[in-house]
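Student: Sharing a structure below in structure tokens format, with a few things to ask.
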Amino acid sequence: MKIPSVKGFHDVLPDESVRWSWIEQQARDVFALYNLVEIRVPIVERTELFTRSIGDTTDIVEKEMYSFEDRDGSSLTLRPEGTASIVRAYVEHALQQREPVSKLFYLGPMFRRERPQKGRLRQFAQIGVEVLGRDDAAIDAEVVLLLHDLLAALRIRNPRIELNSLGDAACRPAYREALRAFGEARRAQLCENCQRRLERNPLRLLDCKSSECRAATADAPVMLDHLCAPCRAHFDAVRAVLDREGVAVRLEPRMVRGLDYYCRTAFEVVAEGLGSQNAVGGGGRYDGLVKDLGGGNVPGIGFALGVERLVLSMADDAAGRPLAPEIFIAPLGAAEQEALHAAHRWRRGGVRVELAPGGKSLKSQMRLADKAGAPYVLILGEDELAAKALTVRDMVAKRDFTRAVDLTLSADALRAALAQLAQQPMEQRA
Ligand code: AMP
């Protein structure tokens, strides 16, 4: 009986996992340049962490969370995003007392029960950044610069960073009201979802995908026109730094991000290769969140990129291939045990070795060796075993050296012997 995987939960097979590890390594390298350190948080949290932080009028909390009752009756949830968990950990371990500013990154799976399609899964991976403890415009700009450098390192095709300001507690309430009044006046033209959200979360009117809502809200008021003076100054300062550093961003006054906790700087990245799900990532400032989750008055800003979408939108030749074995040992007849013994010694010495199973013809072993991509095949047949010396086939120059390498060599001596064979002029071939 075959048991299939669960809908929306994918395997990453070896062809693709090379790209995943490459992406993770590039990200770690860029994060180190910005002095970020890794934080690892659990996959399961108490449900209330997400209802409190993400907001109970958001799509995620309304219909996408994988929540379940634990055996003691408490409600637990597979995390749908990283920020809430990281802020929870930040508060729980009083990181604020250890260091004034925490610059963190994370990698790992997230879970949302969405309708699966290209670039949209129920388990997906994110790479994210959170900077806690600074509220100046310079750090917002630095986070966007980091994002920009990361997209370049990952060779994402035609990425575009979209920028907006969502205002703060001083100016957003009045704007919300203005938007709500605008929506109320056009209630009949709005989709059911938006009608329902008018009362509790009118900002979502602006990112509704339905064409009727888009038409009805085409000239809706936008936050950028309602910023208070400090929010305006902050936004202008962020843009000035990005300008100076030559990082192009596009103003996107209708971008509101999905979650309740954002304020001021908000951004998203779109890129090629993704079809309708064209956002590879997004983020923004969340100054009230630490306090909401029981911590101090600590501001924060961060973003997350979706790994599956990065894989879809990176340049085809970006990741390269996995490392091929340096040598391939082909044991013939009774030589399997000796071959395994030598392979073990050489591997312990740092040589990448593929060892074919015994009992196969030389021809079929050579076919395997070719596929494995090793530059040298070491053949161990009856004659070689008697002489305690392997025959070497140089797969690149296509020549054999009969019983040319001692079976008992150390890893270093093996490397030296192979290098020496490669130096031999063609006419001396055995
Ligand atoms: P969000 O927190 O919703 O802005 O998500 C940030 C990024 O995570 C998105 O831009 C996507 O790249 C990725 N992402 C979010 N939801 C999914 C999903 N269901 N499947 C795959 N990737 C996702």
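The values are calculated or read from the model by the stated rules, or taken from the named source; none is laboratory data. Remember, predicted model here, so these are calculated numbers, not experimental data. Methodologically, a virtual Cβ is constructed for each residue, glycine included, from the backbone with ideal geometry; neighbour enumeration extends over all protein chains shown.
Residue-wise test of (1) surrounded by 15 or more Cβ atoms within 10 Å (Cβ to Cβ); (2) in contact (Cβ under 8 Å) with a residue 40 or more places away in the chain; (3) under 19 Å from residue 284 (Cα atoms); (4) out of contact with any Asp or Glu (no Cβ under 9 Å at 6 or more places or on another chain).
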residue: 31; (1), (2), (3), (4): yes, yes, yes, no
residue: 34; (1), (2), (3), (4): yes, yes, yes, no
residue: 94; (1), (2), (3), (4): no, no, no, yes
residue: 101; (1), (2), (3), (4): no, no, yes, yes
residue: 112; (1), (2), (3), (4): yes, yes, no, no
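Student: Which residues, counting only those in region 229-266, are under 29 Å from residue 49 (Cα atoms) and away from the ligand (no atom under 15 Å from the Cβ)?
Tutor: From region 229-266, those under 29 Å from residue 49 (Cα atoms) are 231, 254-266; that's our starting set.
231, 254, 263, 264, listed by residue number.
Student: Under 7 Å by Cβ, and 6 or more places apart or on different chains, what pairs join a residue from region 295-322 that is within 22 Å of residue 140 (Cβ to Cβ) with one that is of a type in the set (Asp, Glu) and crowded, with 22+ Cβ neighbours inside 10 Å?
Tutor: 300/130; 301/140; 302/130
Student: Continuing with the same structure: Identify the residue in region 87-102 that is closer than 21 Å to residue 51 by Cα and of a type outside the set (A, V, I, L, M) and, among all such residues, is nearest to the ligand (Cβ to nearest atom). Working first, answer last.
Tutor: Restricting attention to region 87-102, the residues satisfying the condition of being closer than 21 Å to residue 51 by Cα are 87-92.
Subsequent filtering for residues that are of a type outside the set (A, V, I, L, M) retains 88, 90, 92.
Numbers: 88: 17, 90: 18, 92: 22 Å.
This residue is 88.
Student: For region 103-145, what are the residues that are within 10 Å of the ligand (Cβ to nearest atom) and touching a Leu at 6+ places or on another chain (Cβ under 6 Å)? Give the derivation first.
Tutor: Initial filter on region 103-145 (within 10 Å of the ligand (Cβ to nearest atom)): 110-128.
Hits for region 103-145 are 111, 119, 127.
Student: Suppose the filter is without any contact (Cβ under 8 Å) to a residue 40 or more places away in the chain, surrounded by fewer than 21 Cβ atoms within 10 Å (Cβ to Cβ) and either within 16 Å of the ligand (Cβ to nearest atom) or aliphatic (A, V, I, L, M) (or both); does residue 181 pass it? Break it down into steps so the answer makes sense when it comes.
Tutor: On the way: without any contact (Cβ under 8 Å) to a residue 40 or more places away in the chain: yes; surrounded by fewer than 21 Cβ atoms within 10 Å (Cβ to Cβ): yes; either within 16 Å of the ligand (Cβ to nearest atom) or aliphatic (A, V, I, L, M) (or both): yes.
The answer is yes for residue 181.
Student: Right, something else. Condition first: in contact (Cβ under 8 Å) with a residue 40 or more places away in the chain and crowded, with 17+ Cβ neighbours inside 10 Å. Now tell me which residues in region 376-389 satisfy that. Can you show your working first?
Tutor: Step one: list which residues in region 376-389 are in contact (Cβ under 8 Å) with a residue 40 or more places away in the chain, which gives 376-382, 384-385.
Correct list: 376, 377, 378, 379, 380, 381, 384, 385.
Student: Looking only at region 54-84, which residues are assigned to a loop (DSSP other than H, G, I, E, B) and closer than 18 Å to residue 203 by Cα? It would help to see each step written out before you state the result.
Tutor: Filtering region 54-84 down to residues assigned to a loop (DSSP other than H, G, I, E, B) leaves 55-58, 65, 70-74, 79-82.
55, 56, 57, 58, listed by residue number.
Student: I've got another one for you. Find the residue count for region 385-430, including only residues that are over 45 Å from the mean Cα position of the chain (by Cα) and among the small types (Gly, Ala, Ser).
Tutor: Total meeting the criteria: 5.
Student: Which of the residues spanning region 277-296 are touching a strand residue (DSSP E or B) at 6+ places or on another chain (Cβ under 8 Å) and either away from the ligand (no atom under 12 Å from the Cβ) or part of a loop (DSSP other than H, G, I, E, B) (or both)?
Tutor: Initial filter on region 277-296 (touching a strand residue (DSSP E or B) at 6+ places or on another chain (Cβ under 8 Å)): 277-290.
Result: 277, 278, 285, 286, 287, 288, 289, 290.
Student: Tell me which of these residue 310 doesn't satisfy, since it passes every other one: (1) assigned to a helix (DSSP H, G or I); (2) under 24 Å from residue 403 (Cα atoms).
Tutor: It fails just one condition, (2).
Student: Sticking with this one: Considering only residues of region 47-69 that are surrounded by 11 or more Cβ atoms within 10 Å (Cβ to Cβ) and charged (D, E, K, R), which is nearest to residue 114 (Cα to Cα)? It would help to see each step written out before you state the result.
Tutor: Step one: list which residues in region 47-69 are surrounded by 11 or more Cβ atoms within 10 Å (Cβ to Cβ), which gives 47-62, 64-68.
Those left that are additionally charged (D, E, K, R): 48, 52, 56, 59, 62, 64.
Numbers: 48: 20, 52: 21, 56: 16, 59: 9, 62: 11, 64: 6 Å.
Residue satisfying both the conditions and the ranking: 64.
Student: Ok, one more. Can you name the residue in region 270-285 that is modelled with pLDDT of 95 or more and of a type outside the set (Gly, Ala, Ser) and, of all such residues, is surrounded by the most Cβ atoms within 10 Å (Cβ to Cβ)?
Tutor: Residue satisfying both the conditions and the ranking: 280.
Student: When region 205-225 is examined, which residues are found to be surrounded by fewer than 20 Cβ atoms within 10 Å (Cβ to Cβ) and assigned to a helix (DSSP H, G or I)?
Tutor: 207, 211, 212, 214, 215, 224, 225
Student: Just to be sure I understand, how many residues within region 227-238 are under 27 Å from residue 194 (Cα atoms) and surrounded by fewer than 20 Cβ atoms within 10 Å (Cβ to Cβ)?
Tutor: If we filter region 227-238 for residues that are under 27 Å from residue 194 (Cα atoms), which is where we start, we get 227-228.
Remaining after also requiring surrounded by fewer than 20 Cβ atoms within 10 Å (Cβ to Cβ): 228.
Here the count works out to 1.
Conditions tested, residue by residue: (1) outside any loop (DSSP other than H, G, I, E, B); (2) surrounded by 13 or more Cβ atoms within 10 Å (Cβ to Cβ); (3) within 15 Å of the ligand (Cβ to nearest atom).
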site: 1; (1), (2), (3): no, no, no
site: 16; (1), (2), (3): yes, yes, yes
site: 25; (1), (2), (3): yes, no, no
site: 41; (1), (2), (3): no, yes, no
